[in-house]
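Structure record follows, encoded as C-alpha cells.
The values are calculated or read from the model by the stated rules, or taken from the named source; none is laboratory data. Just so it is clear, the model here is predicted, and its values are computed rather than measured. Please note: Cβ atoms are built from the backbone with ideal geometry, for glycine as well, and neighbour counts cover all protein chains shown.
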Protein chains: 2
Amino acid sequence: MNSIASGSYEVYLEELAEAAINQHIKVKDYSKVFVLVDENTKQHCLPKLQKIVGPVVDEILEIPSGEENKTIQTCTTVWRNLSDYGGDRQSLLINLGGGVLTDLGGFVASTFKRGIDFINIPTTLLSMVDASIGGKTGVDFGSLKNQIGVINQPQMVLIFPDMLKTLDARQITSGFAEMLKHGLIKSSEYWDSLKTVDDYTHADYIRKSIAIKNDVVMEDPTEKGIRKILNFGHTLGHAIESYFLKNPEKSALLHGEAIAIGMILEGYLSHELKGLSMLSLEDIKTTFLQHFEKVDFSEEDVKIIVDLLKHDKKNTHGNINFVLLQDIGAAILDVKVPTPLFEKAFAYYNQ
Amino acid sequence: MNSIASGSYEVYLEELAEAAINQHIKVKDYSKVFVLVDENTKQHCLPKLQKIVGPVVDEILEIPSGEENKTIQTCTTVWRNLSDYGGDRQSLLINLGGGVLTDLGGFVASTFKRGIDFINIPTTLLSMVDASIGGKTGVDFGSLKNQIGVINQPQMVLIFPDMLKTLDARQITSGFAEMLKHGLIKSSEYWDSLKTVDDYTHADYIRKSIAIKNDVVMEDPTEKGIRKILNFGHTLGHAIESYFLKNPEKSALLHGEAIAIGMILEGYLSHELKGLSMLSLEDIKTTFLQHFEKVDFSEEDVKIIVDLLKHDKKNTHGNINFVLLQDIGAAILDVKVPTPLFEKAFAYYNQ
C-alpha cells in the first residue's frame with residue numbers, strides 16, 4: 001500500500017508519489033507552478049523535487065525557516081511574491097518543508113485570491129506523520145500558536161522518506177513524539193512496536209502513523225469531536241512551547257520535545273482522573289525520557305505556563321478541556337481538569 | 001416573503017431579522033458575542049442593534065471606515081482584540097457595516113482560530129444587495145482589491161432598510177449600481193422597473209436584488225462558472241477603482257461609481273463582440289449617466305488602467321476574461337477581449 005485515501009485528497013509515498021505529482025500537474029494544466037522552500041529545503045530537498053517534476057516549476061519562493069517566522073508578516077511576503085510573479089487563480093503552490101512551512105504555505109494558498117491549489121511535500125518526520133495531514137493551515141499570532149488559519153485540504157501529500165537523511169537527530173526525535181502519540185491514543189500494539197524498533201523512519205512506520213491520523217481526521221474533519229484526541233499532550237505541550245519560544249532565558253524547544261513533556265504531564269492527569277494505571281503512566285514517562293532530555297521547570301515557570309493555558313484555542317467558555325487516556329490506546333475527550341492538578345503533574349515530571 | 005434561503009444560511013429582512021438573531025444567539029449559547037463597527041455604524045446603527053439584541057453583546061470592536069483600511073493590518077488589529085478580550089472558538093462576531101467591514105470582518109472570523117461563527121448586518125445599500133451575500137470575504141493587498149480572502153458563509157444575513165436613512169446620497173447611489181447590474185445580467189423586467197422607480201431602497205427592491213444574487217450564488221458557490229456573471233462591469237470597474245484609489249491626483253470613486261463606468265465600458269464591448277444592440281447600449285449609458293456623474297479619463301489614465309487589468313484576479317493564463325451581455329437580462333461568460341477594444345470603449349464613454 002503506497003497511497004492512503006484521505007477524503008478529497010491522497011497521501012502518496014515513495015515511487016507512487018513521483019508518478020502522482022507528474023500526472024496531477026499534467027492533468028490540471030496550471031498557469032504557474034510555484035515551490036515554497038526555506039534555506040534548508042532549498043539546499044537538501046529541492047534538487048530531488050526538480051529531478052522528479054522536471055522543468056514545470058516556474059518560480060521558487062524562499063522564506064526563512066523556524067517557528068519564529070510562522071507569522072502573518074511572512075505570509076505577506078509570499079502573497080506579494082505570488083502576485084508579483086503573476087500568480088493567478090489557476091496557479092499551484094507546492095510546499096516543500098517542515099510543519100512551519102506546510103502550515104504557512106497552506107494558509108497562503110488557501111487565502112491567495114480566495115484560494116488556489118496546493119500540494120504538501122513534508123520534509124521532516126514531524127510534518128510527514130502529523131502537520132501535513134489533515135488540512136489544518138495557519139500561522140502563529142503574538143505568543144499564541146496557530147491562532148490564525150483555516151481548515152483546507154491540499155490536492156495531495158507526497159512523502160519521500162529519504163528526504164529525512166539530511167535532517168539532524170533532534171528534528172527526527174521531535175517527529176517521533178507524534179508517532180508515539182498515535183500509539184497512545186489509538187493503538188497499544190503500535191506503541192509497543194515503536195518502543196523496540198531500530199529505525200522508526202522506515203516507510204512502514206510512517207505509513208502506520210499517517211493511517212491512524214488520517215482515520216481520525218476523515219471521521220471528523222472540522223474537529224467537532226473525535227479529532228480532538230490528536231491533541232493529547234498538546235494542551236500543556238503548546239503552552240510550554242509558547243513559553244519557551246518567547247522567554248529569552250530559555251532555549252526554544254522543538255514541537256515534539258514540548259509535546260513529549262505534555263504527554264507525560266497529561267498522562268499524570270489521566271492517572272489521577274481517568275484511571276490510567278500507574279504501570280502505564282511509568283511506561284509513558286520512561287519511554288519519553290529515553291528519547292527526550294529532561295527539562296527543568298521552576299515554580300515561576302509553572303505559574304506562567306498555567307496562565308498561558310487560558311488562551312489555548314481549544315478552550316471554550318473559560319474551561320480548559322483535556323484529552324486524557326483511560327488506557328494506552330484509548331483516549332477520552334473533553335475532560336475538565338481542576339487547576340491544582342497542574343502543579344502536581346509538573347511535580348511528577350520533575351521527580 | 002421576509003427570508004431568503006441561501007444554502008447553509010438565511011437572509012432575513014426587517015421584523016423577521018430581529019426574531020432570527022435573538023433565536024440564533026439563544027440556541028447557540030456563544031461564549032462571547034463581539035460586534036465589529038466603524039465610526040459611522042457605531043454612531044448610527046449600533047444603538048438599533050443594541051435595542052434588538054439587548055445585553056448579549058460582550059465587546060464592541062471598532063475599525064476605521066474606508067476602502068484604504070481594508071488591509072491585513074486592520075485584520076491584525078481585530079485578531080488581536082478578539083484574542084485580548086478572550087475570544088475562543090465558540091465566539092460570535094457580528095459585522096455591522098458596509099461592504100468593506102463585512103468583507104474584512106468575515107475574513108477575520110473565518111481565520112480566527114481556524115474559523116468562528118459570524119453574522120453580517122449590512123448597513124449600506126451596496127452591502128445589502130451585494131457584498132454581504134454570497135460568502136466572499138477578504139481584504140485588499142497593495143493596489144489589488146480582494147487579493148487575500150476565503151469563501152465562507154455567515155450564519156445569517158440581516159437586513160434593516162431603515163439603517164439606510166443616515167447614509168449620504170452618494171453611498172445610496174453607489175449601491176444602486178449593483179441593483180441595476182442584477183437587472184442587466186438576469187432580468188430585463190427588473191432593469192426596466194428600476195429605471196422608473198422613485199424609491200429603490202424600499203424592501204421590495206432590495207429583496208429582488210438579493211434573490212437574483214442568491215440564485216446565482218447557490219448555483220455556483222465557488223465561482224467555477226455561472227457565478228462569474230456577477231462580475232459584469234467589475235473587470236474594468238475594479239481596475240478603475242484601484243487606479244483612482246492609489247492616485248493622489250484623483251479623488252477616490254465609490255465601488256458603485258467605478259462599476260457603473262465599468263458597465264458602460266463592458267456594455268460597449270458587448271455591443272462590439274456579442275451583438276448587444278446599439279439601442280440597449282445607449283439605454284445602459286443613459287441610465288447610468290442619469291445617476292452617476294461623468295468622470296474624465298486621459299490617454300495616460302487609460303493606459304495605466306489597462307496595465308492594472310493584467311493583475312485582476314479573474315485572469316487565468318494571462319488572458320483577460322470578461323462577462324458580456326448578449327442582451328439586457330442575458331449575460332455570457334469567459335469572453336476574451338482583444339486589447340485595442342479597451343481604448344475604443346473608453347472613447348465611447350468619453351463621447
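Quick one: residue A:74 ticks every box in (1) surrounded by fewer than 24 Cβ atoms within 10 Å (Cβ to Cβ); (2) within 11 Å of another protein chain (Cβ to nearest Cβ) bar one, so which box is it?
Here residue A:74 clears every test but (2).
For the stretch B:248-272, give me the residue count where each residue is within 15 Å of residue B:284 (Cβ to Cβ) and either of a type in the set (Asp, Glu) or not assigned by TED's automatic domain parsing to the domain that holds residue B:341 (or both).
2
Determine if the stretch A:12-29 includes at least one residue that is of a type outside the set (A, V, I, L, M), at pLDDT below 95, surrounded by fewer than 18 Cβ atoms within 10 Å (Cβ to Cβ) and not in a helix (DSSP H, G or I).
Yes, the conditions are met somewhere in the stretch A:12-29.
Is there any pair linking a residue in the stretch A:178-201 that is on the phi > 0 side of the Ramachandran plot to one that is of a type in the set (A, V, I, L, M) and surrounded by 15 or more Cβ atoms within 10 Å (Cβ to Cβ), with Cβ under 9 Å and at least six apart or on different chains, and which?
Listed by first residue and then by second, the contacts come to nothing, as the list is empty.
Tell me which residues, restricted to the stretch B:89-135, are buried (at least 24 other Cβ atoms within 10 Å of the Cβ) and of a type in the set (Val, Ile, Thr).
Answer for the stretch B:89-135, where residues must be buried (at least 24 other Cβ atoms within 10 Å of the Cβ) and of a type in the set (Val, Ile, Thr): B:94, B:100, B:102, B:108, B:111, B:119, B:121, B:123, B:124, B:129, B:133.
Given (1) among the charged types (D, E, K, R); (2) in contact (Cβ under 8 Å) with a residue 24 or more places away in the chain; (3) part of a helix (DSSP H, G or I); (4) at the interface with chain B (Cβ under 9 Å from one of its Cβ atoms), where does residue A:88 come up short, assuming only one miss?
Going through the list (1) among the charged types (D, E, K, R); (2) in contact (Cβ under 8 Å) with a residue 24 or more places away in the chain; (3) part of a helix (DSSP H, G or I); (4) at the interface with chain B (Cβ under 9 Å from one of its Cβ atoms), residue A:88 breaks only (3).
Applying the selection to the stretch B:222-237, what residues are of a type outside the set (Lys, Arg) and at pLDDT 90 or above?
B:225, B:226, B:229, B:230, B:231, B:232, B:233, B:234, B:235, B:236, B:237 - these are the residues of the stretch B:222-237 that are of a type outside the set (Lys, Arg) and at pLDDT 90 or above.
Considering only the stretch B:221-316, give the helices (runs of 4 or more DSSP H) lying wholly within it that have at least 1 residues that are within 14 Å of chain A (Cβ to nearest Cβ).
B:234-246, B:299-309
Please work out if residue B:67 is surrounded by 18 or more Cβ atoms within 10 Å (Cβ to Cβ) and out of contact with any strand residue (DSSP E or B) (no Cβ under 6 Å at 6 or more places or on another chain).
Considered against the rule, which asks whether it is surrounded by 18 or more Cβ atoms within 10 Å (Cβ to Cβ) and out of contact with any strand residue (DSSP E or B) (no Cβ under 6 Å at 6 or more places or on another chain), residue B:67 comes out as yes.
Enumerate the pairs (first residue in the stretch A:26-38 and farther than 13 Å from residue A:93 by Cα; second residue anywhere and outside any helix (DSSP H, G or I)) with beta-carbon separation below 6 Å, excluding pairs fewer than 6 apart on the same chain, so at least 6 apart or on different chains.
Going by the 6 Å Cβ cut-off, the qualifying pairs are A:38/A:63; A:38/A:65; A:38/A:97.
Being within 13 Å of chain A (Cβ to nearest Cβ), within 27 Å of residue B:23 (Cβ to Cβ), modelled with pLDDT under 95 and within 16 Å of the chain's Cα centre (by Cα) is true for just one of B:152, B:146. Which residue is that?
Result: B:152 is the single residue among B:152, B:146 that is within 13 Å of chain A (Cβ to nearest Cβ), within 27 Å of residue B:23 (Cβ to Cβ), modelled with pLDDT under 95 and within 16 Å of the chain's Cα centre (by Cα).
Among the residues in the stretch A:118-129, are any in contact with a strand residue (DSSP E or B) (Cβ under 9 Å, 6 or more places away or on another chain), closer than 30 Å to residue A:29 by Cα and within 14 Å of another protein chain (Cβ to nearest Cβ)?
Checked against the condition, which is being in contact with a strand residue (DSSP E or B) (Cβ under 9 Å, 6 or more places away or on another chain), closer than 30 Å to residue A:29 by Cα and within 14 Å of another protein chain (Cβ to nearest Cβ), the stretch A:118-129 yields at least one hit.
Among the residues of the stretch B:270-281, is there at least one that is out of contact with any strand residue (DSSP E or B) (no Cβ under 6 Å at 6 or more places or on another chain) and under 29 Å from residue B:168 (Cβ atoms)?
No, the stretch B:270-281 contains no residue that is out of contact with any strand residue (DSSP E or B) (no Cβ under 6 Å at 6 or more places or on another chain) and under 29 Å from residue B:168 (Cβ atoms).
So residue A:212 passes all but one of these: (1) touching a Phe, Trp or Tyr at 6+ places or on another chain (Cβ under 6 Å); (2) touching a residue at least 12 places away in the same chain (Cβ under 8 Å). Which condition number does it fail?
Against the list (1) touching a Phe, Trp or Tyr at 6+ places or on another chain (Cβ under 6 Å); (2) touching a residue at least 12 places away in the same chain (Cβ under 8 Å), residue A:212 comes up short only on (1).
Please work out which one of (1) touching a Lys or Arg at 6+ places or on another chain (Cβ under 7 Å); (2) buried (at least 17 other Cβ atoms within 10 Å of the Cβ); (3) not charged (D, E, K, R) is the condition residue B:86 fails and give its number.
Condition not satisfied by residue B:86: (2).
Keeping to the stretch A:176-189, report how many residues are of a type outside the set (D, E, K, R) and surrounded by fewer than 21 Cβ atoms within 10 Å (Cβ to Cβ).
2
How about the stretch B:54-71: which of its residues are among the β-branched types (Val, Ile, Thr), touching a residue at least 40 places away in the same chain (Cβ under 8 Å) and more than 14 Å from chain A (Cβ to nearest Cβ)?
Of everything in the stretch B:54-71, just one residue is among the β-branched types (Val, Ile, Thr), touching a residue at least 40 places away in the same chain (Cβ under 8 Å) and more than 14 Å from chain A (Cβ to nearest Cβ), namely B:63.
State yes or no: is residue A:96 among the hydrophobic types (A, V, I, L, M, F, W, C), more than 9 Å from chain B (Cβ to nearest Cβ), more than 25 Å from residue B:109 (Cβ to Cβ) and not in a strand (DSSP E or B)?
Against the criterion (among the hydrophobic types (A, V, I, L, M, F, W, C), more than 9 Å from chain B (Cβ to nearest Cβ), more than 25 Å from residue B:109 (Cβ to Cβ) and not in a strand (DSSP E or B)), residue A:96 does not qualify.
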